[in-house]
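I have placed the structure first, in the form of structure tokens, so that the comments after it can refer back to it.
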Amino acid sequence: MIDRATVDKIIDAAKIVDVVGEFVTLRKSGVNYKGLCPFHDDKNPSFMVSPAKNICHCFVCGKGGTPAGFLMEHEQITYPEALRWLARKYNIEIVEKELTDEERAQQSERESLFVVNEWAKDWFHSILKNDPDGVAIGRQYFRSRGIRDDIIEKFQLGYSPQRRDALSSAALKAGYKAEFLVKTGLCYEGEGTLVDRYRGRAIFPWLNVSGKVVAFGGRVLDSRTKGVAQKYVNSPDSDIYHKERELYGIFQAKKAIVKEDRVFMVEGYTDVIAMHQAGIENVVANSGTALSIYQIRLLHRFTNNITLLYDGDEAGIHAAMRGTDMLLAEGMNIKVLLLPDGDDPDSFARKHSTEELKKYIDEHQTDFITFKSRLTVENTDDPVKRSEAIGGIVKSISVIPDQILRSTYLTDFAHRISMKEQTLIAEMNKYIKQNVEEQQKEREREERAANLAPRSSEATPPLTLHSPKEQGNKVEKLLMREIVRHGEEIIFDGIETDDGQTISLNVAQYIDFDLSQDGLQFASPLYNQMLAEAVAHSGEPDFKAETYFCSHPDLQVSQLATSLAMDRYMLGGRFVMPERENDLQKRVQHLVMDYRLDIVEARLKDLQQQLRQVGNDVERMMQLLQEHKETKELRDALAKRLGSDVVV
């Protein structure tokens, strides 16, 4: 781990204009800089860079942050990786935190595995380029597949010689331990000696999202594929590689996925490579296995949209059907494109120009529900099979988390098959109920497994706000803006407590204290987290809320803080003070009361709704009327303090 002093040194040295300028063309705009946003298809410059605040922000898509935050979003790397990137740029030596012996051993072994894989990748690539057999056999194979030299370099393709110990001998001679050659899967032990796993094969390195070599795929050359049981041999699982967590081509594709806001999923290595060569770079492969939840969530970091691109035979159809419910459940928008029978993405891409390929994809990809309906419901006259197919599609729709999208799909499907929408809704609700029950059972199993203590029925949880969404979110955001901008500033000094002590409260402490008096908390979990952190760090002498949150290792926190720290009026290049700093105390008190008023008004609406539904239960009606009266009095008192006129 990087020690705190080094982190501070890196953060102090990093200049936002320098960092963003490596990826975005910037031009001066008053005291700031602006350019086209790298995170969406920006036509008019909406990406603002503030040297004074050392942050950047897009006023359209909302992305940005500090130098580290920008790198985390743009390069899709972790906070420590972003710090190391900045350290290299500014020639800062990384000082690691002292680790335990066990932690040091684990870290050392993982790093050793990465180092061995990196060496092996370079060795395979060198053999392909410089060894006579590598050039005559390996390079000729790639050229026979139409793969250009620049693409060979881009994917660092290689070749492993036929000799059973070619790699292992070279590795041992270079000083690498046999232990790590086995643990990475590059070699295996056979009859007391090391045997190269990929001998005589074309090599496809797997790079993870950060660009580290985690595994390899080795393909038997075309002249030898006949009668070979395993055309491809892939690395076994190891401490640095788990197949269900990785996607081939993700490192080369990640920037294009973000830019295009879509990812194409294909089956194999050569499909990915052929698509890149055809000019379509937002493409990855899961190498013929069903998508896992880890792979889906990895893709979801870059986009919500996925197109499954497979050949049109039975195997391609089967591949398109696998894992789709998981994709839908994770909020991914799925389209499917089956290529003409006899073609896979590799062969199809080599036959067509980039323009023809893009045009074909745009014209022929369909949403998943339409695809599944054509394949099943509309492809049979058998009532039983048709009924089962309809149920299967409704079940798929039921897992979609977005209620509006779910409803839209169901309406379209009902029209498509000429069935009453109400019938499908009833069926879908059954599946939704089953899903909820299964999730509940799973949670209970997890709680039992973790030996969690049962919750007391008498415990009163903190009140979660249910104020009107638009206004509630607006007031929450205004309060959070004050916490980010002024969280450490004292607004009440010399307050005497009941026990005679004198205390001071800053903005964050006051908001936390006031809300906690009635067990209130923000509706947004992220806001609650940030308020708690601001209060926890308030005792630190050098704590400055804006710097702390904008530099936060959690990208979500950093981006929110950046958006709250930068105002829309900065887009024009001029600073205009929107608020009077000496009114901070009044402003915070007013916002807290506004927030309470939102809560009270929401409670009044809830009580009115309950009164309309209470029926003939006189006792319950009297209780509700009394609470309504008290809540209304509280609402009027708050409104009076705020100077509002309430129409009764």
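The values are calculated or read from the model by the stated rules, or taken from the named source; none is laboratory data. Computed from a predicted model, the values in this text were never measured in an experiment. Ideal geometry is used to build each Cβ from the backbone, glycine not excepted, and the neighbour counts take in all protein chains shown. Ligands, DNA and RNA are excluded from the accessible area calculation, which covers all protein heavy atoms including side chains. Shrake-Rupley method; radii C 1.70, N 1.55, O 1.52, S 1.80 Å.
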State all residues of segment 171-191 that are assigned to a loop (DSSP other than H, G, I, E, B), within 14 Å of E118 (Cβ to Cβ) and either touching a Leu at 6+ places or on another chain (Cβ under 8 Å) or open to solvent by 80 Å² or more (accessible area, probe 1.4 Å) (or both); if no residue qualifies, say none. T184, L186
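Taking the conditions exactly as written (under 21 Å from L113 (Cβ atoms), more than 21 Å from the chain's Cα centre (by Cα) and among the polar types (S, T, N, Q)), does S210 satisfy them or not?
So S210 does not fit the description; no.
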Quick check, is G342 touching a helix residue (DSSP H, G or I) at 6+ places or on another chain (Cβ under 9 Å) and either at positive phi or free of Cβ contacts under 8 Å to residues at least 24 places away in the same chain (or both)? no
Search segment 301-338 for residues being more than 27 Å from M72 (Cβ to Cβ) and of a type in the set (D, E, K, R), and hand back the single one that is most open to solvent (accessible area, probe 1.4 Å). E314
Might you let me know whether segment 257-278 holds any residue that is surrounded by fewer than 18 Cβ atoms within 10 Å (Cβ to Cβ) and not charged (D, E, K, R)? no
Out of M428, M419, I need the residue that is out of contact with any helix residue (DSSP H, G or I) (no Cβ under 7 Å at 6 or more places or on another chain) and surrounded by 10 or more Cβ atoms within 10 Å (Cβ to Cβ). Which one? M419
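Can you say whether D341 is surrounded by 19 or more Cβ atoms within 10 Å (Cβ to Cβ), charged (D, E, K, R) and not in a strand (DSSP E or B), as far as the supplied structure shows?
Values: surrounded by 19 or more Cβ atoms within 10 Å (Cβ to Cβ): no; charged (D, E, K, R): yes; not in a strand (DSSP E or B): yes.
Taking the combined requirement at face value, the residue does not satisfy it.
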Cβ pairs under 6 Å, 6+ apart, first in segment 259-281 and free of Cβ contacts under 8 Å to residues at least 40 places away in the same chain, second open to solvent by less than 10 Å² (accessible area, probe 1.4 Å) and in a helix (DSSP H, G or I): E281/A253
For segment 123-148, how many residues are within 34 Å of the chain's Cα centre (by Cα) and at pLDDT below 95? 2
Can you give me the ranges of the helices (runs of 4 or more DSSP H) entirely in segment 491-610 with at least 3 residues that are of a type in the set (S, T, Y) and either on the phi > 0 side of the Ramachandran plot or modelled with pLDDT of 80 or more (or both)? 555-565
Does segment 156-170 include one or more residues that are in contact with a Lys or Arg (Cβ under 9 Å, 6 or more places away or on another chain), assigned to a helix (DSSP H, G or I), at pLDDT 90 or above and buried (at least 22 other Cβ atoms within 10 Å of the Cβ)? yes
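Determine whether D237 is modelled with pLDDT of 90 or more, of a type in the set (D, E, K, R) and open to solvent by 20 Å² or more (accessible area, probe 1.4 Å).
Criteria met by D237.
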State which residue is surrounded by the most Cβ atoms within 10 Å (Cβ to Cβ) when the search covers only segment 136-151 and only residues that are touching a strand residue (DSSP E or B) at 6+ places or on another chain (Cβ under 9 Å) and among the hydrophobic types (A, V, I, L, M, F, W, C). F142
Single match in V272, V284 (criterion: at pLDDT 90 or above, part of a helix (DSSP H, G or I) and closer than 21 Å to I151 by Cα): V272
